[in-house]
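The values are calculated or read from the model by the stated rules, or taken from the named source; none is laboratory data. All values derive from a computational prediction rather than experimental measurement. Cβ atoms come from the backbone with ideal geometry, glycine included; neighbour counts cover every protein chain shown. The accessibility values were calculated without ligands, DNA or RNA, using every heavy atom of the protein model including side chains. Shrake-Rupley method; radii C 1.70, N 1.55, O 1.52, S 1.80 Å.
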Amino acid sequence: MGKSKKKPKELIRTDVWDLNVSASEKQQMILTVAEYRKYLLPLVMIVNAQWVSLADLISKDRVNAVEKMIHRTADNPDPKHKYFQEIISRYPSHRNFPSYLRRAAMAPPAEGIADALGIVSSFQSRYQEWQSGQRKRRDAKPPRLTAMCKTYPALYKGQQIRYNSNYQTVDIKVWSGTDWVWLCGIKVKRHGLNRHLTDGNEICSPALVVNKNKCQLSMPVKIERTNREDCDYVLSVDLGINNAATCAVVGKDGTVKARKFINPASYIDRRNQRRMMIAHKSKQTQAITKSKRQKGFCKGLYRKSANINLEISRKIARGIIEFAKIHNVKVIVIENLAGWKAKAGKKGSLIKQKFHLWCHSKIVEILTDRWNELGGKVQAINPKYTSAYAFDGSGKVKRNKNNYSLAVFKSGKQYNCDLSASYNIGARYWYCLIQGDKTFSRVFVSESSNDTLRTPVTLGTLRSITAS
């Protein structure tokens with residue numbers, strides 16, 4: 001008999017549902033989270049103390065072993081950790097603790113390992129790494145178990161959460177301070193990316209995330225895997241500094257079907273404005289104190305700048321995906337810039353700051369996750385010479401001194417450099433596919449054993465081989 005194929009892993013993505021609650025409702029939710037953590041903490045301590053005997057067991061056997069350690073039954077009259085029942089009896093909320101929350105704390109929910117077992121397992125793994133010398137810094141302190149006990153309760157459908165009127169409102173069971181009660185008709189302000197509305201997708205048990213700043217449901221959604229139809233066009237993307245993303249729909253025969261520039265200028269200006277404020281405050285502080293900036297300097301401005309940069313990445317990735325959907329392509333081609341570092345610009349210069357704030361890796365991460373979820377594919381190719389050579393195959397380009405994004409071809413023709421690079425990126429993907437290079441690392445048209453100059457693959461190269 002042949003080997004059975006492994007089932008593909010379940011694809012789960014998490015949406016954030018923002019809740020619109022009153023002050024009293026939010027307070028009850030905070031009490032619920034606190035009670036859940038209070039119930040979870042002694043369980044974590046017990047599991048950690050008995051980890052030597054639990055480590056080699058599978059998930060289901062671990063749960064059974066823990067239950068045997070703490071619960072008194074007719075078959076188990078003398079549990080090893082009988083004091084757990086004494087702890088429960090001290091707190092009114094624990095006496096009537098919902099069975100579904102108890103399962104969330106002790107038994108594995110559908111989408112993962114139990115909270116207590118997961119917390120201890122993670123801690124033990126990180127502690128063993130620290131003991132073996134795998135540390136980010138030589139003076140790194142050992143991990144602490146208590147730092148991982150800030151978890152949020154999972155809400156089981158029908159037992160602790162109910163969905164109403166097309167998910168526009170929800171009912172949640174909470175601890176009021178004296179009893180477990182239902183909060184009904186809580187409005188949902190936003191549903192994240194609305195993944196739950198897609199046919200075939202299935203929502204799992206959400207987590208109640210509430211603190212002084214936010215009140216949300218962390219909603220995992222099991223995505224039904226789809227596969228987009230193959231197409232004779234790809235969307236090639238050049239991520240750059242002058243233009244955040246330059247897109248071109250390039251065909252297998254070298255035809256350019258469409259092009260687009262994506263540049264969220266207002267967000268970039270807001271981010272740069274905050275960086276300028278940081279630089280200004282830094283100069284003023286150092287001029288007065290005559291010393292280095294202390295830890296936490298301009299913490300708020302740095303945080304806002306980072307958040308804006310994250311939103312820039314999301315907007316760019318969203319724009320690329322919408323353009324790919326319009327033209328029904330399956331493959332998005334990007335440059336492999338992993339490990340790339342900019343050499344241009346002096347320390348403290350504007351160009352250095354631009355490269356420092358360039359969020360190409362985050363854009364690629366968001367784009368890859370989202371496009372794979374929609375049944376597409378993101379392919380990285382070798383980036384060498386994509387911008388340095390003209391798309392028509394005429395040779396190296398010169399940059400305009402007054403406008404660096406403008407390329408001058410050898411024929412005297414002027415063209416946008418990023419647009420030319422996007423054509424070459426798409427052409428290199430098709431050329432590698434035609435030549436059978438599944439690594440997509442090919443740069444030059446021919447191989448050479450000496451140091452003679454070889455011709456890089458451009459859009460003109462693709463057109464010439466498809467025309468012959």
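Structure notes:
- Evaluation of E229 against (1) open to solvent by less than 20 Å² (accessible area, probe 1.4 Å); (2) out of contact with any helix residue (DSSP H, G or I) (no Cβ under 8 Å at 6 or more places or on another chain); (3) not aliphatic (A, V, I, L, M) (one fails), failing number: (1)
- Cβ-Cβ under 9 Å pairs, at least 6 apart or on other chains, region 431-444 side more than 19 Å from A421 (Cβ to Cβ), far side in a helix (DSSP H, G or I) and modelled with pLDDT of 90 or more: I434/L462; D437/Y431; K438/C432; T439/C432
- Among the conditions (1) assigned to a helix (DSSP H, G or I); (2) within 30 Å of T246 (Cα to Cα), K341 misses just one, which is (1).
- Checking G393 against (1) in a loop (DSSP other than H, G, I, E, B); (2) surrounded by 18 or more Cβ atoms within 10 Å (Cβ to Cβ); (3) under 21 Å from the mean Cα position of the chain (by Cα), the condition it does not meet: (3)
- Scanning region 423-440 for any residue that is of a type outside the set (V, I, T), crowded, with 16+ Cβ neighbours inside 10 Å, out of contact with any strand residue (DSSP E or B) (no Cβ under 8 Å at 6 or more places or on another chain) and assigned to a loop (DSSP other than H, G, I, E, B) turns up nothing.
- Across region 141-171, the qualifying residues are those that are among the polar types (S, T, N, Q) and under 18 Å from M29 (Cα atoms), and the one among them that is surrounded by the most Cβ atoms within 10 Å (Cβ to Cβ) is Q160.
- Hey, S305 of a type in the set (G, A, S), in a helix (DSSP H, G or I), surrounded by 15 or more Cβ atoms within 10 Å (Cβ to Cβ) and out of contact with any Gly (no Cβ under 8 Å at 6 or more places or on another chain) or not: yes
- Filtered by the rule that a residue be on the phi < 0 side of the Ramachandran plot, in contact with a Lys or Arg (Cβ under 9 Å, 6 or more places away or on another chain) and either without any contact (Cβ under 8 Å) to a residue 24 or more places away in the chain or not basic (K, R) (or both), region 252-279 gives D253, T255, I262, P264, Y267, N272.
- Residue that is outside any helix (DSSP H, G or I), among the β-branched types (V, I, T) and either more than 28 Å from N213 (Cβ to Cβ) or at pLDDT 75 or above (or both), where the choices are I46, I87, I12: I12
- Single condition M219 does not satisfy, out of (1) in a strand (DSSP E or B); (2) more than 30 Å from Y156 (Cα to Cα): (2)
- Region 396-422 - residue that is in a loop (DSSP other than H, G, I, E, B) and of a type in the set (S, T, Y) and, of those, farthest from R463 (Cα to Cα): Y404
- Which numbered condition V188 fails, given (1) open to solvent by 20 Å² or more (accessible area, probe 1.4 Å); (2) over 22 Å from the mean Cα position of the chain (by Cα); (3) β-branched (V, I, T): (1)
- Out of V256, V250, one residue alone is in contact with a helix residue (DSSP H, G or I) (Cβ under 8 Å, 6 or more places away or on another chain) and open to solvent by 10 Å² or more (accessible area, probe 1.4 Å). It is V256.
- Within region 49-58, the set of residues being in a helix (DSSP H, G or I) and surrounded by 15 or more Cβ atoms within 10 Å (Cβ to Cβ) comprises W51, L54.
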